[in-house]
Amino acid sequence: MTARRAAAARVSRARRPNGIARAAAVAGAVAVLGGSLAGPAAAAGGVTTTAGELGVIRQEAAMALVDGNEHLVIDLNVTGELDAGTGGMLLVATPSQPTVTPLADDSLLDAFRSATAPVEIVEERWWPDLESFSGAADEVDPGDQPVLPLVADETGGVYGLGPAGGNDVAGWFTARGYAVSQGMLNAINAYAAGGWHFTAIGFTASPTGAVDLADGTEADDRTVEARLPAVELVFPTGELVYPMLLSADSSDALELRTYVLGAERLDRTDPMRGLSKVSFAGAVSTSVEPGLAPWLDPLGGSGYITAVDQTFTSPSRISSDIRFATSGYGDVTPEPVTVAERKILLGMPAGPVLVFGGMVVLAIVGIVVSRVLQARDDER
């Protein structure tokens, strides 16, 4: 396994339902381009940079169709290497001209995650797990890895390229020092043939470099295991669509989760739906999830969320966009998950500490009783 794939695995584990972690992207209609053509460019999964290599490993997206406009929030997880201060571009394809708004925080996606999360059953753990004795518990938490974060372009660069031809879009990037792989160009051409619009959104690898860990561990200032700054796009469309074709250029396995909000359940209708899984389907309201108010208010304060998961082990087989339509199926409730609440006493599992402490107390009591009895015998 390459270092980049190993890093991808760590981030993928960290972003699974909280634990995506936080998660999502505009699936295949999103391409990330970083660095310049000052040297040879490396491309993988819609990512190209001369300063290293970035790959898309997880995507999340929230969608709703309101009054003929699709609202789409995207969140993209990438991993690889990139020099601090290096800029890049996020390329988005949509059926019509979008309005793009960078999001200041993750509150909306967090609300979708919270609304669709399984019920947690808290289980108290007083004793150490068996893996604690095998050394497995010593593995470093992926969230503790020093990495180079990605931040929004300081200029807030959003470039509407319009319904341009594929070569025109590629030319726009190359004129600014970015490379476009053949796989990306093929997907761009497919969207251009349909009259789709293209938008480029700038981002930058943190110019201050990675942050060292609290324990003094120095960070690798080229390692990237991060999320791109989330954005919301709003564009006219007759049906909910999630573009996927650019993801076919990915060289890594790709995890995808989509949240669709509507008045009723909306299921996928695309040819790739057979390997997907509905992880949640149910009603939601602002009284339960106030963070969804911006999207629920147009629906009267209540709606229905359908969450779908899919892993593309071979992204090259992606052949269509993802589309949704009204479904007659019912609710789907995820299985409850058990959350361990470890009882710690004096920095150790409470069970052994209490047992050891009890044994010490009994030993002391035994000694005291023995001496008292001995003293009585001596008095006699």
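No value in this document is a laboratory result; all are computed from the given coordinates. As the structure is a prediction and not an experimental result, all values here were calculated from the model. Backbone-built Cβ (ideal geometry, glycine too); neighbour counts: all protein chains shown.
Scanning residues 5 or more positions from Ile322 or on other chains, those with amide H under 5 Å from its amide H are Tyr242, Met244, with H placed 1.01 Å from N in the peptide plane. Each peptide in 358-366, 304-312 was scored by the mean count of other Cβ atoms within 10 Å over its residues; highest first, the order is 304-312, 358-366. Put simply, the amide H of Leu103, placed in the peptide plane, has neighbours under 5 Å in Ala230, Val231, Glu232, leaving out anything fewer than 5 places away on its chain. Each peptide among 102-108, 235-241, 255-261 gets the average number of other Cβ atoms lying within 10 Å of its residues, and from highest to lowest they stand as 255-261, 235-241, 102-108.
Pop the C-beta distance of Asn186 and Val119 into the FRET formula with R0 = 56 Å and round what comes out to the nearest 0.05. All intermediate terms of the calculation are to be shown ahead of the outcome.
Working: r = 44 Å, r/R0 = 0.79.
Rounded to the nearest 0.05, the efficiency is 0.80.
Close amide-amide hydrogen proximity is noted between Leu90 and Leu33, Ile201, Gly202, Phe203, each under 5 Å apart and 5 or more residues distant or on a separate chain (H modeled in the peptide plane; Pro and chain starts excluded). Peptides 89-97, 286-294 ranked from most to least packed give 89-97, 286-294, packing being the mean of other C-beta atoms within 10 angstrom over each peptide's residues. Relative to the current alpha-carbon distance between Leu373 and Thr99, full extension at 0.36 nm per residue lengthens the span by 89.8 nm.
Put a dot 7 Å past the Cα of Thr311, heading toward its Cβ, do the same for Asp331, and the two dots end up 2.9 nm apart.
Could you tell me the calculated FRET efficiency between Val360 and Thr174, based on Cβ-Cβ distance and R0 = 56 angstrom, to the nearest 0.05?
On the way: r = 74 Å, r/R0 = 1.32.
About 0.15, to the nearest 0.05.
What the phi angles of segment 266-278 give under the Karplus curve with 6.51, -1.76 and 1.60, with θ = phi - 60°, is a coupling list of 10, 10, 6, 10, 6, x, 8, 5, x, 9, 8, 9, 7 Hz, glycine and proline written as x.
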